[in-house]
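> Sharing a structure below in structure tokens format, with a few things to ask.
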Number of protein chains: 2
Amino acid sequence: MENEKNDYSKEPERKLEQFIINCKEPFNAEPTPSQLISNFITPTENFYVRNHAPVPDIDVSTYILKVDGLVGKALSLTMRDIKERFPKVTITAHLQCAGNRRTMMSEYKKVKGVGWGIASLSNATWSGCRLRDVLVEAKAFGKDLGALHACFWGLDIGCVEDNGKPYGSSITMEKAMELDGDVLLAYEMNGETLTRDHGFPLRVIAPGIIGARSVKWLDKITVSSNESESFFQQRDYKIFHNGVDWHNVSQYWDKTPSLQELSVQSAICLPAPGSSLYLPFQIMGYATSGGGRKIERVDISLDGGVTWDYSDLMNEDKGPVNKYWSWAFFRYNLTADKFQFAPGMIEKDIQIVCRAWDNSSNTQPKDVKDIWNLRGVMNNSWHQ
Amino acid sequence: MENEKNDYSKEPERKLEQFIINCKEPFNAEPTPSQLISNFITPTENFYVRNHAPVPDIDVSTYILKVDGLVGKALSLTMRDIKERFPKVTITAHLQCAGNRRTMMSEYKKVKGVGWGIASLSNATWSGCRLRDVLVEAKAFGKDLGALHACFWGLDIGCVEDNGKPYGSSITMEKAMELDGDVLLAYEMNGETLTRDHGFPLRVIAPGIIGARSVKWLDKITVSSNESESFFQQRDYKIFHNGVDWHNVSQYWDKTPSLQELSVQSAICLPAPGSSLYLPFQIMGYATSGGGRKIERVDISLDGGVTWDYSDLMNEDKGPVNKYWSWAFFRYNLTADKFQFAPGMIEKDIQIVCRAWDNSSNTQPKDVKDIWNLRGVMNNSWHQ
Ligand SMILES: [Mo]
Ligand SMILES: [Mo]
């Protein structure tokens with residue numbers, strides 16, 4: 001049984017040269033920063049992969065999605081049902097692991113979890129049916145949505161952190177049912193059938209919230225008055241305060257909200273850290289926010305965050321309001337005249353820093369130490 | 001003419017002992033911090049007042065609201081029309097001046113603007129018609145909302161900053177028309193006819209965004225492909241980067257987005273700064289966010305922000321999702337055993353700090369210096 005759960009002999013083929021591999025089994029990999037910002041829509045073969053167990057090998061002809069719990073009518077749906085009974089919807093959305101930039105948090109003070117650089121996020125188009133439409137068919141409406149949760153279980157048995165159980169997670173029914181929430185049950189990515197690494201045959205896409213809620217290889221949706229009972233909802237993916245350690249964490253599991261919406265984030269992808277710099281050159285990177293919020297501005301500092309200037313924002317996502325699910329790229333042309341912002345500074349003293357602001361007027365915190373947390377999640381400190 | 005515009009002889013009566021007065025003419029005043037947190041719904045007589053000119057003295061029997069610009073049908077509406085033709089809606093929402101906590105920003109480095117302490121915000125119930133319903137009657141639908149703005153002008157001629165023009169401001173048509181946006185044209189506050197200081201007979205209530213957009217004594221709504229041409233939209237209420245000063249600001253007016261949604265904020269109201277402290281005592285304050293985001297957590301530090309603990313949150317606003325327009329209060333009982341979080345600390349060394357997190361996982365920046373801006377807006381740095 002233990003062997004079967006941890007059988008990595010049926011993993012999909014991967015173009016490994018495309019990735020920085022953070023963990024081989026389960027497979028966790030991110031593109032290189034320069035590759036990351038080469039395309040507004042990330043090619044599927046470069047899209048970061050975050051697995052918690054061996055990739056399940058699913059026969060679509062026998063696949064059944066179950067919907068149960070606090071619904072008027074429990075459902076069992078084949079892939080044909082899902083494609084035929086519900087309208088097909090396509091959205092463009094980025095997914096981002098809550099562990100993005102964890103390695104930098106660990107450098108300040110050790111945290112537990114897969115080490116991720118700055119590229120555990122990617123942007124793609126997703127097609128499928130609306131979760132909302134399935135929940136309406138299951139008669140999950142007319143309740144007090146504010147008190148309910150849509151709980152997802154995957155078919156990926158063997159999650160080491162959760163004693164071999166499959167991966168599970170939940171979102172609020174308010175997000176699930178919201179017209180503008182755009183939560184999909186996706187069967188296509190970038191116009192092709194979903195690949196095994198990305199959840200074939202069916203996965204959740206919950207845009208604007210941490211990637212951990214977009215459960216892959218979806219087995220079952222349970223409408224419940226509690227959040228998912230999974231380890232990954234109850235104990236993981238929480239920003240504990242910095243007094244919480246491995247000795248006292250159990251006191252804080254219930255007191256600490258589970259993460260949903262992503263905070264405002266940005267990172268410099270080019271030039272790579274430590275590269276030789278010759279004027280003029282270009283600084284490039286990405287900026288993202290959660291909840292569909294729009295990136296309005298990315299500031300660049302050349303002196304470690306003392307003085308700032310605005311970068312040029314390349315925001316291909318045109319909304320509408322509250323539905324800016326994609327990332328934005330930014331660019332800053334560093335020419336000699338830009339040094340007016342830091343008189344007397346010479347090239348070797350350049351300390352490039354970026355920080356984004358979104359349309360909620362929120363911005364990134366300066367120091368990782370101020371947001372350090374035991375699980376190393378949501379590191380959105382200034383990037384340099 | 002100049003005299004007439006600046007005639008303060010017809011100001012409403014005010015219970016001045018209820019306020020800290022930051023400017024007498026135009027009248028700008030905030031309640032004391034302890035008064036502020038005495039009521040979840042702020043009594044009207046304690047609600048902060050932010051005026052830019054003398055309070056207009058409006059005869060409701062001749063009052064007309066005009067709606068024009070990019071609409072299918074321009075409207076002229078009496079107060080009777082407004083009350084009879086459109087359903088009456090009531091919401092509870094806080095308003096907060098973008099200049100809240102400006103004085104603290106000025107203490108770091110001087111900024112221009114009315115000095116506000118920590119109490120230029122308040123929470124009330126508002127009744128009126130939906131702006132959306134009026135705009136639908138004006139046939140302002142069916143356009144590309146993303147490119148349009150609802151521009152408001154007040155009847156308060158004599159704004160000193162704008163050469164005696166009335167106050168003006170705009171919001172996006174997406175916010176104006178959004179079903180869940182809850183933008184009202186309000187004629188009642190806390191169940192009574194709007195008072196003169198708060199915009200009698202009709203004002204905008206745009207919840208979740210800076211108070212500056214909730215134009216009082218509403219004269220006209222113009223649907224436009226540009227933001228309001230008012231000084232208060234084009235030049236004021238922007239977070240310039242910290243290299244912008246009074247010599248170069250004109251280069252940055254167009255490059256800097258105008259503020260809309262409020263960022264995450266909190267402040268300690270009790271104990272008052274400098275008061276003598278004897279254990280046990282209670283720390284109390286407020287936390288707010290914009291865009292209807294929910295306050296999920298307020299952290300308290302007793303050592304100036306090195307270590308943190310969670311406070312108790314008293315969140316009377318029950319949503320629904322994306323519509324948490326009210327503030328939340330927090331409380332922290334400081335008993336001797338709490339000192340486990342800062343071993344060896346003695347009472348006189350207590351440095352109380354608070355910071356809030358909302359359901360977007362955003363939190364407040366640590367240092368005011370990192371968000372310092374010429375106009376002194378959106379100071380949401382950690383409060384101590
Ligand atoms: Mo993740
Ligand atoms: Mo304001």
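No lab work stands behind these numbers, since they all come straight from the coordinates. Here the structure is a predicted model, which is why all the values come from computation and not from measurement. Positions of Cβ are backbone-derived with ideal geometry, glycine not excepted, and every protein chain shown enters the neighbour counts.
> What are the residues whose amide H is under 5 Å from the amide H of B:Arg293, where those residues sit 5 or more places off or on another chain and H is modelled from the backbone?
B:Tyr324
> Ok, one more. Taking the Cβ of each residue in B:Trp153, B:Trp116 as the centre, tally the other Cβ atoms inside 10 Å and list the residues starting with the fewest. Each step should come with its number before you reach the end.
On the way: B:Trp153 23, B:Trp116 28.
By the 10 Å Cβ count, ascending, the order reads B:Trp153, B:Trp116.
> Could you work out the helix-only [θ] at 222 nm for chain B, with each DSSP H run of four or more residues adding -39,500 (n - 2.57) and the total divided by the number of residues, to the nearest 500 deg cm²/dmol? If you can, show how the numbers build up before the last one.
On the way: 8 runs with 42 residues, N = 384.
Helix-only estimate at 222 nm: -2000 deg cm²/dmol.
> Right, another one. Looking only at other chains, what is the average number of their beta-carbon atoms within 10 angstrom of each beta-carbon in A:179-191? Each step should come with its number before you reach the end.
Details: counts 2, 4, 2, 0, 0, 0, 0, 0, 0, 0, 0, 0, 0.
Partner Cβ neighbours, averaged per residue: 1.
> Another question, if that's okay. Beyond 32 Å, what share of the Cα-Cα pairs of chain B remains, rounded to the nearest whole percent?
So the pairs more than 32 Å apart make up 33 percent of the total in chain B.
> Then there is this: Among B:Met79, B:Met189, B:Met177, which one shows the highest mean-square fluctuation when chain B is modelled as a Gaussian network with alpha-carbon springs under 10 Å?
For chain B, modelled as a Gaussian network with Cα springs under 10 Å, the answer is B:Met79.
> Tell me, A:Val67, B:Val215 in order of fewest to most beta-carbon neighbours within 10 Å? Walk me through the numbers on the way to the answer.
Numbers: A:Val67 21, B:Val215 31.
Starting with the residue having the fewest Cβ neighbours, the order is A:Val67, B:Val215.
> Which whole number gives the average count of other chain Cβ atoms within 10 Å of the Cβ atoms across peptide A:362-374? If you can, show how the numbers build up before the last one.
Working: counts 17, 8, 3, 8, 6, 4, 0, 3, 10, 4, 0, 0, 0.
Across the residues of A:362-374, the mean count of other-chain Cβ atoms within 10 Å is 5.
> Which shape class applies to region A:239-366: rounded if a/c is under 1.5, otherwise prolate when a/b exceeds b/c and oblate if not, where a ≥ b ≥ c are the square roots of the Cα gyration tensor eigenvalues? Walk me through the numbers on the way to the answer.
Working: a/c = 2.77, a/b = 1.54, b/c = 1.80.
Note, shape of region A:239-366 comes out oblate.
> Can you run the Rg to Rh ratio on region B:58-170? Use alpha carbon positions and the Kirkwood inverse-distance Rh. Display every interim value, and only then the final one.
Numbers: Rg = 18.0 Å, Rh = 17.2 Å.
Ratio of gyration radius to Kirkwood radius: 1.04.
> From the phi angles alone, apply the Karplus equation (6.51, -1.76, 1.60; θ = phi - 60°) to region A:41-49 and give each ³J(HN,Hα) in whole Hz, x where the residue is Gly or Pro.
So the J values, rounded to whole Hz, are 9, 5, x, 3, 5, 9, 5, 4, 10.
> Could you list A:Asp254, A:Asp162 in order of exposure, starting from the residue whose Cβ has the fewest other Cβ atoms within 10 Å? Before the final figure, lay out the partial values.
Working: A:Asp254 9, A:Asp162 19.
Fewest-to-most ranking of A:Asp254, A:Asp162: A:Asp254, A:Asp162.
> Still on this structure: Taking only the alpha-carbon atoms of region B:173-232, what semi-axes of the equivalent ellipsoid follow from 5 times the gyration tensor eigenvalues under a square root, in whole Å, largest first? Don't skip to the end; give the middle numbers.
Working: eigenvalues 84, 43, 19 Å².
The equivalent ellipsoid of region B:173-232 has semi-axes of 20, 15, 10 Å.
> Let me ask you something else. Assigning unit charges at the beta carbon (Lys, Arg +1; Asp, Glu -1) and nothing else, what dipole magnitude in debye, to the nearest 20, does region B:1-100 show about its Cα centre?
Numbers: 12 positive and 14 negative charges, 100 e Å.
It works out to roughly 480 debye.
> Return the whole-Å distance between the Cα centroid of region B:5-77 and the Cα centroid of region B:95-154.
Cα centroid to Cα centroid, the span is 13 Å.
> Next up: Tell me the relative contact order for region B:100-218 as a rounded percent, counting alpha carbon contacts under 8 Å between residues six or more apart.
On the way: 193 pairs, mean separation 28.5, N = 119.
Over region B:100-218, the number comes to 24 percent.
> I would also like to ask the following. With the cut-off at 1.5 for a/c, could you classify region B:1-90 from its C-alpha gyration tensor as rounded, prolate or oblate? Write down the numbers at each step before the final one.
Working: a/c = 2.59, a/b = 1.46, b/c = 1.78.
Because a/c hits 1.5 or more and a/b fails to exceed b/c, region B:1-90 counts as oblate.
> Shape of the protein assembly as shown from its Cα gyration tensor (a ≥ b ≥ c, root eigenvalues): rounded if a/c is under 1.5, otherwise prolate when a/b > b/c, or oblate? Show your work: numbers first, answer last.
Numbers: a/c = 1.59, a/b = 1.40, b/c = 1.13.
Since a/c reaches 1.5 and a/b is larger than b/c, the shape of the protein assembly as shown is classed as prolate.
> Let me ask something additional. State the Cα centre-to-centre distance between region B:270-313 and region B:201-231 in whole Å.
Taking the Cα centre of each part, region B:270-313 and region B:201-231 sit 33 Å apart.
> Assigning unit charges at the beta carbon (Lys, Arg +1; Asp, Glu -1) and nothing else, what dipole magnitude in debye, to the nearest 20, does region B:239-384 show about its Cα centre? Mind dumping the intermediate values first?
Details: 13 positive and 16 negative charges, 54 e Å.
Using Cβ point charges on Lys, Arg, Asp and Glu, region B:239-384 gives about 260 debye.
> May I ask you to derive the FRET efficiency for B:Gln282 and B:Ile21 from their Cβ-Cβ distance with R0 = 30 Å, giving the value to the nearest 0.05? Kindly include the intermediate steps, with their values, before the conclusion.
Working: r = 28 Å, r/R0 = 0.94.
E(calc), rounded to 0.05, equals 0.60.
> Another one. With unit charges on the beta carbons (Lys and Arg positive, Asp and Glu negative) and the dipole taken about the Cα centre of region B:248-322, which residue among B:Gln260, B:Trp308, B:Pro320 sits farthest to the positive side?
My answer, from the dipole projection, is B:Gln260.
> Sticking with this structure for a sec: Karplus couplings for region B:269-284 from phi (6.51 cos²θ - 1.76 cosθ + 1.60, θ = phi - 60°), rounded to Hz, Gly and Pro as x?
Each residue of region B:269-284 in turn: 9, 9, x, 5, x, x, 6, 6, 10, 10, 5, x, 9, 10, 9, 9 Hz.
> Over all distinct alpha-carbon pairs, what is the Kirkwood Rh of region B:242-309 in angstrom? It would help to have the intermediate numbers written out before the result.
Values: mean 1/r = 0.0631 Å⁻¹.
It is 15.9 Å.
> Residue-wise, which Karplus ³J(HN,Hα) couplings in Hz belong to region B:358-363, taking 6.51 cos²θ - 1.76 cosθ + 1.60, θ = phi - 60°, and x for glycine or proline?
3J(HN,Hα) across region B:358-363, in whole Hz: 10, 6, 9, 6, 8, 9.
> List, in the order given, every pair from A:Lys109/A:Lys366; B:Lys175/B:Lys323; A:Lys238/A:Lys369; A:Lys88/A:Lys139; B:Lys165/B:Lys216 whose Cα-Cα distance in the structure shown is over 18 Å. Show your work: numbers first, answer last.
Values: A:Lys109/A:Lys366 16 Å; B:Lys175/B:Lys323 13 Å; A:Lys238/A:Lys369 16 Å; A:Lys88/A:Lys139 20 Å; B:Lys165/B:Lys216 14 Å.
In this structure, A:Lys88/A:Lys139 exceed 18 Å between Cα atoms.
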